[in-house]
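The values are calculated or read from the model by the stated rules, or taken from the named source; none is laboratory data. If you're wondering where the values come from, they're calculated on a predicted model, not measured in any experiment. All Cβ positions, glycine included, derive from the backbone under ideal geometry; neighbour counts span all protein chains shown.
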Amino acid sequence: MGKSIKFPTPTQPKEYVATLKKMVRENFGHDDVDAIVLALPGIVKDGVAVWCNNLGWQNFDAHAQLKDLLPNVPFLVENDANLAGLAETRALNPVPVSSLYITISTGIGSGICTNGYIDPGTRYSEAGRALIEYDGKVREWEKFASGHAIVDVYKKFARDITSKRTWRQIADRISRGFLAVVPILQPDVIIIGGSVGTYFDRYSEYLEGILKEHLPPHIACPKIVQAQHPEEAVIYGCYYYGKDYLTTKKART
């Protein structure tokens with residue numbers, strides 16, 4: 001991996017655009033870059049961030065405002081979980097026919113791939129917003145199973161939780177969403193990433209046991225694996241996405 005530059009994400013789109021242009025132009029020239037891929041945490045359609053919940057953005061046309069980030073350099077925009085799912089799917093050997101990537105961090109994001117590419121028919125899916133009855137109320141999956149929810153309930157970050165009993169409870173929370181979406185998607189592999197994915201070994205056995213117990217007998221429990229780069233999958237996904245774009249462009253010329 002090359003040079004890494006980190007800065008807080010401004011919540012106002014205008015400030016975000018100005019900051020990103022400044023950071024990129026100060027550190028890179030168009031001769032150094034073949035393509036730019038922007039990963040955004042929300043629904044992205046045709047370069048427009050239709051809705052980014054954590055940033056409070058609606059209908060932010062990222063492509064229109066940032067396409068001139070560097071002169072003559074292709075600029076692409078995609079959902080961050082889709083990109084992470086792309087990277088983690090490509091990291092598997094062999095690459096599965098179908099995969100479901102779930103990132104469990106502040107919220108829950110999802111990326112669905114078919115034959116190693118972001119699935120075009122489900123690229124706008126948001127599994128974290130699946131509506132599930134939990135504890136007597138219908139809620140979004142991420143409201144009771146995300147990293148944020150874990151901190152709210154157990155008053156600890158995932159990294160600080162060592163109790164097996166607590167991890168069984170967390171596995172139960174996580175399983176509820178999978179029990180809703182697995183019968184619909186029936187992926188070959190489930191990949192779990194994000195900050196909670198980092199502690200996969202603390203709950204994976206419990207999670208697999210719950211799924212095997214409750215899934216209908218004719219629906220196999222997918223293989224469940226930990227993301228190989230839980231915190232960096234989006235970056236790798238940007239690389240693959242940009243590379244695929246350039247390869248396709250070259251083939252057409």
Review point. Mind checking which residues of region 213-253 are at pLDDT 95 or above, assigned to a loop (DSSP other than H, G, I, E, B) and buried (at least 19 other Cβ atoms within 10 Å of the Cβ)?
Key: P222, A227
Revision key, fill the gap. Taking region 52-107 and keeping only residues that are under 19 Å from the mean Cα position of the chain (by Cα) and assigned to a loop (DSSP other than H, G, I, E, B), one is left with N53, N54, L55, G56, A91, L92, V95, P96, V97, S105, T106, G107
Exercise for review: From (1) among the β-branched types (V, I, T); (2) surrounded by fewer than 18 Cβ atoms within 10 Å (Cβ to Cβ); (3) assigned to a helix (DSSP H, G or I), pick out the condition that doesn't hold for I210.
Suggested key: (2)
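Suppose we filter N79, N72, N53 for residues that are at positive phi and touching a residue at least 12 places away in the same chain (Cβ under 8 Å); which single one remains?
None of the other options fit; the residue is N72.
Each row is one residue, and each column tells you yes or no for (1) in contact with a Ser or Thr (Cβ under 7 Å, 6 or more places away or on another chain); (2) modelled with pLDDT under 95.
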site: R129; (1), (2): no, yes
site: V138; (1), (2): no, no
site: V181; (1), (2): no, no
site: S204; (1), (2): no, no
site: L207; (1), (2): yes, no
Exercise for review: Look through A49, A64 and report the one residue that is modelled with pLDDT of 90 or more, surrounded by fewer than 19 Cβ atoms within 10 Å (Cβ to Cβ) and more than 19 Å from D244 (Cα to Cα).
Suggested key: A64
Review point. What residue, among those in region 17-46 that are in a loop (DSSP other than H, G, I, E, B) and free of Cβ contacts under 8 Å to residues at least 40 places away in the same chain, is surrounded by the most Cβ atoms within 10 Å (Cβ to Cβ)?
Key: G42
Check your understanding: If Y124 passes every condition in (1) within 12 Å of the chain's Cα centre (by Cα); (2) surrounded by 18 or more Cβ atoms within 10 Å (Cβ to Cβ); (3) in contact (Cβ under 8 Å) with a residue 40 or more places away in the chain but one, which one does it miss?
Key -> (2)
Check your understanding: Based on what the data block shows, is L76 within 28 Å of Y117 (Cβ to Cβ), surrounded by 14 or more Cβ atoms within 10 Å (Cβ to Cβ), at pLDDT 95 or above and not assigned by TED's automatic domain parsing to the domain that holds E126?
Key -> yes
Practice item. Report, by residue number, each residue of region 131-150 that is among the aliphatic types (A, V, I, L, M) and under 15 Å from G194 (Cα atoms). Key: A145, A149, I150
Point to revise | Members of region 145-166 that are surrounded by fewer than 20 Cβ atoms within 10 Å (Cβ to Cβ) and either closer than 20 Å to L211 by Cα or hydroxyl-bearing (S, T, Y) (or both) | key: Y154, T162, S163, K164, R165, T166
Check your understanding: Looking at L69, L83, L92, L38, which one is farther than 18 Å from Y245 by Cα and of a type in the set (A, V, I, L, M, F, W, C)?
Key -> L92
Check your understanding: Restricting attention to region 110-117, does a residue exist that is buried (at least 19 other Cβ atoms within 10 Å of the Cβ), without any contact (Cβ under 8 Å) to a residue 60 or more places away in the chain and farther than 23 Å from E232 by Cβ?
Key -> no
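Residue by residue, here is whether (1) assigned by TED's automatic domain parsing to the domain that holds F200; (2) aromatic (F, W, Y) holds:
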site: V37; (1), (2): no, no
site: A49; (1), (2): no, no
site: N54; (1), (2): no, no
site: V97; (1), (2): yes, no
site: S110; (1), (2): yes, no
site: T114; (1), (2): yes, no
site: I118; (1), (2): yes, no
site: Y124; (1), (2): yes, yes
